[in-house]
């Protein structure tokens, strides 16, 4: 199992963004190096299918996020988004739209309050996600509890 | 001379971490093929199983999205640069778009459609093996929604087939209660449902047919105040109404909100169907700019309806609804289908969009919903009278009539219904002259005698009263509520219809 580490403040930033856009989904980029997220980059949700259940990052915003990461000597590690009133588990839609290599962090926001946070990576054959260990730099030994995906 | 393709971060593990790769070819497609030949791990991420570029893969030629050029056939020149840019998207499970965002899904991108569960795949297997529906079509149906106005004769078969077919969301507007007289044709409701709200009964029936369908119920009378709001979340409106004011209201609200109207109507043995309000197609007003005078066209309650007829017409409406959702076949737009059950014949009239149409024409004069009762010439109901009291000098009640008959008053009771209605129930001592025969038979009546005119509910007898007054009768009263009120308040031993 791979591990994604969130530096201090990153988890709070993601939760805060999820609470802010509730009941709509939020989204943003994860920036860092070698499995450690040092920064987030909140992005506008440009979905045309209803932001309660969907998010979409514009190609232009994607390019900008990649550029920002490179400019700071870091790389784009993935994206985060929120699931308003739904568990922090990837949906079929998430799977259909997933890219390899990226970490997908999902935060569940229930009634406006951010709760579980999980991270996922696409299997190489695109058949499913593998869950990643999600750790905070300050609490390395306590991975966030989250429900299993396989079933 | 090679061209450069820029590789996005998530695909670099497949290109030995290189940010760009040199490739050769004459078109965008050839460059991409060269890329995936050199780095074969990329293929499954860029292309779907059917060989098309995945919809969340954006390819830019220099700064132009190839979707706006000639896609993969776009020619490339030396020095042109290609960039693969990910669309990053996702979302919560439960993939039906919220009603406010629902759009006609016929042209929807298959990647954005909801998935089917194993059970759904089994359930819809006879659809899935037909190329005209298939997986994508079935998912379109799941993402689609329809509002049935009325859960009666037409709404019953339509809603049942739409639910069975897997339309994701079905709304129903009705405010009625199931009556025994509905059961001859309204198959949403069964004998144990008599007395229940039609909506509750409909919801149970549709849920039993297909639990994967969301059923929204609106216990209200469709009105100019609520129609646009009620229509807003739905892709298609299915008109199963039985009166002219509501029919014009549904038509106008569909045109104003840009939603197709799967229209049907039935009377006795004849049915009609069409699709109105489609883009560039005619609307109901292009066919009938003005409503008929009130009372000219009787309702099903007055004129009767052949029980299987709404089965045919309602299923035609459902068929058209599903075709619109799938975007297949030739819709019944600009065509008016007339079905005669006795002759077992279908006829088709050509309909054209009327450029002068007040709603959908080039210079519409009706741009918001109006008072449709007034438009159809229907007078508002008089204020409720105390039970048993005569409302006005031209009206009497069953209780008052009974009292006078018991007292031995000389009252001639004229029933203007049809003979087969008279066979079912009647006021004792009444004389039958059907409304249509009255103009040539009124001289059979004694103009000096007091006459009480009656029918089933009081509508036709009001017309008879107007006619008799016009030919000189003055001692004449209408029986308020007709024979049904007589049975309710005087003689419950007789059957109602």
Worksheet item: Are any of the residues in segment B:58-69 in a helix (DSSP H, G or I) and either at pLDDT 90 or above or over 30 Å from residue A:81 (Cβ atoms) (or both)?
Response: no
Discussion item. Looking at segment A:105-116, can you tell me whether even one residue there is surrounded by fewer than 21 Cβ atoms within 10 Å (Cβ to Cβ), outside any strand (DSSP E or B) and within 10 Å of chain B (Cβ to nearest Cβ)?
Written reply: no
Worksheet item: With respect to the numbered conditions (1) within 27 Å of residue B:376 (Cβ to Cβ); (2) in contact (Cβ under 8 Å) with a residue 12 or more places away in the chain, which one is the sole condition not fulfilled by residue B:193?
Response: (1)
Fill in: Residue selected from segment B:110-151 under the condition more than 23 Å from residue B:317 (Cα to Cα) and part of a loop (DSSP other than H, G, I, E, B), by the criterion farthest from the other protein chains (Cβ to nearest Cβ)
B:129
Fill in: Hits in segment B:88-105 - residues which are touching a helix residue (DSSP H, G or I) at 6+ places or on another chain (Cβ under 6 Å) and either part of a loop (DSSP other than H, G, I, E, B) or at pLDDT below 75 (or both)
B:91, B:95, B:105
Worksheet item: Which residues, counting only those in segment B:16-27, are within 24 Å of residue B:75 (Cα to Cα) and either more than 11 Å from chain A (Cβ to nearest Cβ) or assigned to a helix (DSSP H, G or I) (or both)?
Response: B:20, B:21, B:22, B:23, B:24, B:25, B:26, B:27
Worksheet item: Taking segment A:76-93 only, how many residues are in a helix (DSSP H, G or I) and surrounded by 19 or more Cβ atoms within 10 Å (Cβ to Cβ)?
Response: 1
Worksheet entry | Complete set of residues in segment B:163-186 that are crowded, with 23+ Cβ neighbours inside 10 Å and part of a loop (DSSP other than H, G, I, E, B) | B:166, B:167, B:168, B:174, B:178, B:186
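The values are calculated or read from the model by the stated rules, or taken from the named source; none is laboratory data. This one's a predicted model, so the numbers in the text were calculated from it and none came from an experiment. Note: ideal-geometry Cβ built from the backbone for every residue, glycine included; neighbour counts use all protein chains shown.
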